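Everything below concerns the one structure shown next.
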Amino acid sequence: MDLVCTRCGEPWDMHHVIHDEPEEFKREGGVILCCPCCRGKPVKLSDEERQRLNTIQAIGEVLGDDIDAFAAELEDFDLL
């Protein structure tokens, strides 16, 4: 299952984010706030993409630390 960076939209394998290189990601629960792709770089997104990422972040905030449920919701709502 994947998680998505809510800053740039880059998808990341959940296992990689949590276990392989957790220090490379700024996150709160399952919500990735910054990733290696966008750290220190300007990010330009369409309004549609920004809205999708805002929706992802809102779902993550509701689910808190339940990262498995969060990743499943992203798949269920086709937000990846």
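Pairs meeting the criteria (first residue in the range 9-33 and at pLDDT 95 or above, second residue assigned to a loop (DSSP other than H, G, I, E, B) and not hydrophobic (A, V, I, L, M, F, W, C), beta carbons under 7 Å, at least 6 apart or on different chains) are E24/P36; V31/T6; I32/T6; L33/T6; L33/R7. Q51 meets each of the listed conditions (1) surrounded by fewer than 16 Cβ atoms within 10 Å (Cβ to Cβ); (2) modelled with pLDDT under 95; (3) assigned to a helix (DSSP H, G or I); (4) not β-branched (V, I, T) apart from (2). Pairing residues of the range 41-54 that are closer than 22 Å to F77 by Cβ with residues that are of a type in the set (D, E, K, R) and not in a helix (DSSP H, G or I), at Cβ distances under 8 Å and at least 6 apart in sequence or on separate chains, gives L53/R7. Evaluating D65 against the criteria (1) in a loop (DSSP other than H, G, I, E, B); (2) without any contact (Cβ under 8 Å) to a residue 24 or more places away in the chain; (3) among the charged types (D, E, K, R) leaves one unmet condition, (2).
The residues of the range 68-80 that are in contact (Cβ under 8 Å) with a residue 24 or more places away in the chain and surrounded by fewer than 17 Cβ atoms within 10 Å (Cβ to Cβ), listed by number, are D68, A72, E75, L79, L80.
Every condition in (1) more than 15 Å from L80 (Cβ to Cβ); (2) touching a helix residue (DSSP H, G or I) at 6+ places or on another chain (Cβ under 9 Å) is met by V31 except one, and the failing one is (1).
The values are calculated or read from the model by the stated rules, or taken from the named source; none is laboratory data. Only a predicted model underlies this, so the values are computations on that prediction, with no experimental measurement involved. Virtual Cβ from ideal backbone geometry, glycine too; neighbours counted across all protein chains shown.
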